[in-house]
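Step one of this worksheet: look at the structure below.
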Amino acid sequence: MTADTEERRREDPSAPWEVLWRTLAESANGLTPWAALAAALGDRDQEGAPATADEAVHRLRSAAEAWHRDWRKAMPSVEELVEIARRMLTLRHLGTPWLAAVATSPDSPWPRLGPLQAQQAQLEEFTAAADEYRRALLSCGDHLAELLERCIADLASALREAHDPQTPPTDEELLALWTEIASRRHDEALKDETFGRKLAQLTNAWSRLRLATQALLDPALESMGLPSRRQLMDTQAHLDRLKRQHREAVRRLEARISRMEEVLGEPDRGSPDQ
Amino acid sequence: MTHRRHHSRRAVAGLHAAGAMQPVAVGETPYRLSTRTERADLKHYGSGDGIPLILVYSLVNRAYLLDLRPDRSVVKTLVALGIDPYVLDWRTPDSMSSHIGLLEHLEEDIGVAIEAVTREHGEAPHLGGVCQGGVLALCQAARAPATVRSLTLLATPIDFLTANDNLARLARHVDFEQLVRASGNVPATGLNMIFAGLKPVELLFQRYRALSEIADDDAALRDFLRMERWMYDSPDQAGRAFLEFARECYQHNGLLEGTLTLDGERISPNRFPAPVFAAYASADHLVPAEAAAAIRHLVRPERLHMQSLPGGHLGLFIGGNAHRQLYPALADWLRNL
């Protein structure tokens with residue numbers, strides 16, 4: 001909780017609701033921009049009700065632009081991510097201090113030469129994955145910002161039709177209009193293949209980055225004598241193979257028993273003294 | 001005082017009341033543990049004298065949706081109608097489950113549950129499933145048709161390529177193989193975000209805003225919290241099973257195309273010869289009506305009873321109409337087979 005929020009909480013007993021409300025709305029930020037609206041509506045009390053319909057739209061638009069700016073600002077840079085990767089390699093050096101420093105400049109023009117080619121390749125893959133992930137995140141954010149702008153444009157035109165531009169809409173009117181427009185536009189976006197493609201690109205880029213991170217982290221853990229994900233997955237796969245072999249053996253045995261029963265006829269199920 | 005300030009004050013009152021009420025009780029109807037399969041608990045409701053109906057729940061959420069509220073409990077309603085429901089309630093997969101596929105779920109869980117109920121009742125039970133659980137039930141019924149007397153499908157998707165299927169559209173371009181390789185079991189939080197992202201204005205905006213309206217109504221607030229608990233109390237998904245379902249159903253539309261293959265075994269759902277009861281909601285955003293109604297392409301009309309109810313996905317389980325119309329119709333149908 002920020003100092004501002006804390007201050008407001010003391011002054012206004014309804015502030016906890018505002019805080020929770022925004023937190024809940026922002027919890028969806030990974031997929032949706034609707035927190036921008038929550039912020040815009042939440043500020044109405046603080047800033048005073050908008051004097052006109054135009055001002056209401058202007059506030060929404062400012063909130064949407066701020067959301068988009070924050071989204072772009074929050075993107076980790078590839079350099080930051082690569083720095084994290086380098087630290088993982090440093091950790092590996094602690095486990096194997098006799099190794100020379102591995103190639104830590106993935107964008108270097110040098111070919112992979114010498115005993116540390118695998119490490120260089122891992123770092124290059126990590127850099128490419130981080131770059132792809134960042135681009136996918138930006139692309140999703142831009143797409144959502146466009147969607148938000150379309151919603152605001154719809155709202156502006158609906159308000160123009162229903163109101164004198166100098167008359168402020170009531171909270172209820174604004175909310176009812178916005179939810180109707182946002183729901184409809186969001187549903188249209190979901191039906192558009194582009195939206196699905198962008199979210200899929202983001203998911204795929206996330207998977208690739210996660211795999212690249214694991215590839216760097218696993219040897220670092222192993223070099224310290226610690227269990228790695230790779231080892232756990234190998235163990236799981238081995239147990240799974242054994243289980244499948246066992247199941248197959250049981251199936252074969254059952255089939256053999258039933259073939260034998262067919263050949264020999266139904267076994268006598270009577271009691272031993274019959 | 002402005003309307004907004006009044007709304008906020010009521011919402012705060014609602015929050016205090018909600019906080020004092022948590023945790024809310026769910027799944028309160030008494031049951032007997034019939035058997036524990038590899039990955040699930042088979043919960044038996046009723047006296048043992050009713051018509052045995054196994055309900056396979058979805059892997060994605062928790063089975064207590066069928067007993068979320070005492071006044072709208074599916075299991076309670078079924079018992080009152082002379083049915084003995086057996087709910088196959090999946091336990092949370094552990095990290096060792098990431099290699100477990102759907103075929104294991106069919107053989108080692110649903111198949112074992114059917115054997116257990118057959119032993120208890122001395123006759124083959126009726127099999128049913130909820131949402132994804134219906135797909136699993138259909139697959140097992142197709143693999144071993146002689147072991148069950150009929151099939152009941154509640155909000156079960158069959159065609160994953162219908163125009164209104166937003167979930168399928170989002171899944172179309174995802175590399176699920178890579179996703180599962182990277183994550184092992186698939187985290188429930190990610191899936192919940194996707195589900196909420198299908199209706200963000202309703203689920204993340206209107207739903208909480210409406211909290212102020214029920215601030216003084218204990219019963220409504222308790223129901224709100226029960227649903228809130230259920231919506232986000234989801235298990236992680238066993239990696240391989242998730243991959244198979246996403247790829248075979250969502251990407252290849254294998255149920256309808258007849259190409260569904262699990263661990264090398266081809267599943268042919270149109271081979272199931274017994275009667276089928278299929279119910280779906282007309283405004284379901286997770287399983288569109290036409291996706292569920294596509295069961296008619298797999299089952300001969302004389303063996304198929306279809307029932308559509310107005311409302312959304314959850315209305316089929318906690319809606320008043322479902323309890324007044326759907327479940328009595330299902331009980332009659334089962335009784336007359």
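Taken together, the values in this text are just the output of simple stated rules run on the coordinates, not laboratory data. Please read these numbers as outputs of a predicted model, since none were measured by experiment. All Cβ positions, even for glycine, are placed from backbone atoms using ideal geometry, and neighbour counts span all protein chains on display.
Below, the figures for the structure above:
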| item | result |
| --- | --- |
| For region B:185-337: rounded, prolate or oblate by the Cα gyration tensor [a/c cutoff 1.5] | oblate |
| Choice from B:PRO145, B:PRO23, B:PRO70 showing the highest fluctuation, given a GNM over chain B with Cα pairs closer than 10 Å | B:PRO23 |
| Helical mean residue ellipticity (222 nm; -39500 (n - 2.57) per DSSP H run of 4+; nearest 500) of chain B | -9500 deg cm²/dmol |
| Cα-based shape type of region B:248-305, given that a ≥ b ≥ c are square roots of the gyration tensor eigenvalues and the cut on a/c is 1.5 | oblate |
| Neighbour-count order for A:LYS191, B:LYS76, fewest beta carbons within 10 angstrom listed first | A:LYS191, B:LYS76 |
| Distance between region A:112-179 and region B:241-288 - C-alpha centres, whole angstrom | 34 Å |
| Nearest 10 degrees, 0 to 90: helix B:132-143 Cα axis against chain B principal axis | 10 degrees |
| Extension reserve of the A:SER157-A:ARG87 stretch, reckoned as 0.36 nm per residue once the Cα distance is removed | 19.9 nm |
| Computed P(r) (all Cα pairs; region B:56-112; 5 Å bins; percent) | 4, 16, 21, 22, 15, 11, 7, 3, 0 |
| Shielding of B:93-102 by partner chains, average beta-carbon count, 10 Å | 3 |
| Ranked list, fewest to most other Cβ atoms within 10 Å of each Cβ, for B:THR77, A:THR90, B:THR147 | A:THR90, B:THR147, B:THR77 |
| Flagged links, alpha-carbon separation over 32 Å, of B:LYS76/B:LYS199; A:LYS191/B:LYS76; A:LYS198/A:LYS243; A:LYS243/B:LYS199 | A:LYS191/B:LYS76; A:LYS198/A:LYS243; A:LYS243/B:LYS199 |
| Value of relative contact order over chain B, rounded to a whole percent, pairs C-alpha under 8 Å and six or more apart | 23 percent |
| Three semi-axes of the equivalent ellipsoid, region A:208-261, Cα gyration tensor, whole Å, largest first | 41, 11, 4 |
| Over region A:132-274, volume per residue of the alpha carbon convex hull, in Å³ | 354 Å³ |
| All Cα pairs of region B:109-194, percent lying beyond 14 Å | 73 percent |
| Cα coordinate range in the protein assembly as shown, projected on the principal axes (Å, largest first) | 99, 73, 43 |
| Hydrodynamic radius (Kirkwood) for region B:1-156, which is based on Cα pairs only, to one decimal in Å | 17.0 Å |
| Taking all pairs of distinct alpha-carbon atoms in chain B, Kirkwood radius in angstrom | 20.6 Å |
| Value of D in µm² per second that Stokes-Einstein yields for region B:183-228, Kirkwood Rh from Cα pairs, at 37 °C (0.692 mPa s) | 270 µm²/s |
